[in-house]
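Just so it is clear, none of the values below were taken in a lab; they were calculated from the coordinates. None of these values were measured; they are calculated from a predicted model. Don't worry about glycine lacking a Cβ; one is built from the backbone with ideal geometry, like all the others, and counts go over all protein chains shown.
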Amino acid sequence: MNRTKFIALTTLLAIIALVSVACAGGAPDKAAIPKTDGPATDLFSLPKNGAGYRNASAEQVASALGNKDFTLVNVHIPYAGELPDTDALIPFNEIEANPGQLPDDKNAPIVVYCRSGSMSAAASKTLVGLGYTNIVDLNGGMIAWQQAGGRLIDR
């Protein structure tokens with residue numbers, strides 16, 4: 001093997017090792033984001049935006065997870081990890097085709113998220129269009145979750 005190929009292979013293996021360490025999941029951490037001293041956030045009392053759903057920060061979602069009473073749906077494709085206590089994995093563009101993974105009750109509370117927020121915004125609009133009335137979109141998705149100190153898990 002010539003020197004150039006050796007350096008390229010060594011560099012590639014180093015990158016793979018770094019990515020593996022950075023992306024390694026762990027056991028679900030119920031306290032993924034440090035809790036505040038205040039009361040838990042009621043996500044479903046937040047004001048709705050013009051598209052008919054609510055937006056919540058990572059901290060607000062983390063607070064609500066402490067007393068979870070909603071369906072948490074990861075709509076990101078391809079799979080890139082998930083928040084603790086995720087109930088369903090439904091690709092954002094397949095929401096309509098997967099009614100069996102969603103609550104039958106159109107008033108049931110649902111929180112959706114993706115990696116950055118764009119896919120979950122599309123999913124939220126679709127859910128509102130399907131008649132769901134209590135949709136919350138995690139602003140900034142898994143990126144915001146991690147920036148706030150939250151951990152992702154892997155199935």
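What is the spin-label model distance, in nm, from Ser118 to Arg155 if the labels are put 7 Å beyond Cα along the C-beta direction?
With each label placed 7 Å out from Cα toward Cβ, I get 2.4 nm.
Work out, step by step, the length gained on full extension between Val128 and Ala51: first 0.36 nm times the residue separation, then minus their alpha carbon distance; give nm to one decimal.
Once the chain is fully extended between Val128 and Ala51, it gains 26.9 nm.
Going by the alpha-carbon gyration tensor, a ≥ b ≥ c the square roots of its eigenvalues, is the range 43-147 rounded (a/c under 1.5) or, if a/c is not under 1.5, prolate (a/b greater than b/c) versus oblate?
rounded
Subtracting the Cα-Cα distance from 0.36 nm times the residue separation, let me have the gained length for Asn93 to Asp42 in nm, one decimal.
15.6 nm
Just in the range 52-155: which GluC sites (Glu not before Pro) are loop by DSSP and have at most 14 other Cβ atoms within 10 Å?
Within the range 52-155, the qualifying GluC sites (Glu not before Pro) (loop, at most 14 other Cβ atoms within 10 Å) are Glu96.
Taking neighbour Cβ counts within 10 Å as the exposure measure, how do Asp42, Asp137 sort from fewest upward?
Ranked by crowding around the Cβ, least crowded first: Asp42, Asp137.
Quick check: residue separation of Asp104 and Asn67 times 0.36 nm, minus the Cα distance between them. What number comes out in nm?
11.2 nm
Where both residues lie in the range 70-142, what percent of DSSP beta bridges are antiparallel, nearest 5?
Approximately 0 percent, going by the DSSP bridge assignments.
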